[in-house]
1. Output the 0 to 90 degree angle, nearest 10, between the alpha-carbon long axis of helix 46-58 and the longest principal axis computed from the alpha carbons of the chain.
2. Gain in length, Ser4 to Glu36, computed as 0.36 nm per residue apart minus the alpha-carbon separation, to one decimal in nm?
3. Give me Rg/Rg_expected for the chain, where Rg uses Cα atoms only and Rg_expected = 2.2 N^0.38 Å with N residues.
4. Do the sum for the chain: with -39,500 (n - 2.57) for every DSSP H run of n ≥ 4, divided by all residues, what is the mean residue ellipticity at 222 nm, to the nearest 500 deg cm²/dmol?
Amino acid sequence: MHGSDEEDFSDNISLQYSCVFALIQVGEYVKRLSSELREDNPDVDWKYAAGMRDFVVHNYASVNISKLRMTVLKELPPFKDDCTAIINRLSKL
């Protein structure tokens, strides 16, 4: 399923639900981070991640599948890289 083209993605409701659930989880975890950690890492777009969660949860019926796919493909990997770098830095303290 990974690497599915847009048509495959739009036809695969299970994959869409999985992506939506992942975005919801990411947003929930971001909201639980301390304000200190978020302030110490201003280059990470915490507000976008939390906002995506809110949008998906409160506007589920109007989620654009193409934009969902692009968010997962384009926005999530750099966000993951940022979070991984923070975890690695904190684990060395």
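All of the numbers you see were taken from the coordinates with simple rules; none came from a lab. This structure is a prediction, so every number in the text was calculated from the model and none was measured.
1. 40 degrees
2. My answer for the length gained is 7.7 nm.
3. 1.17
4. The helix-only estimate for the chain comes to -22000 deg cm²/dmol at 222 nm.
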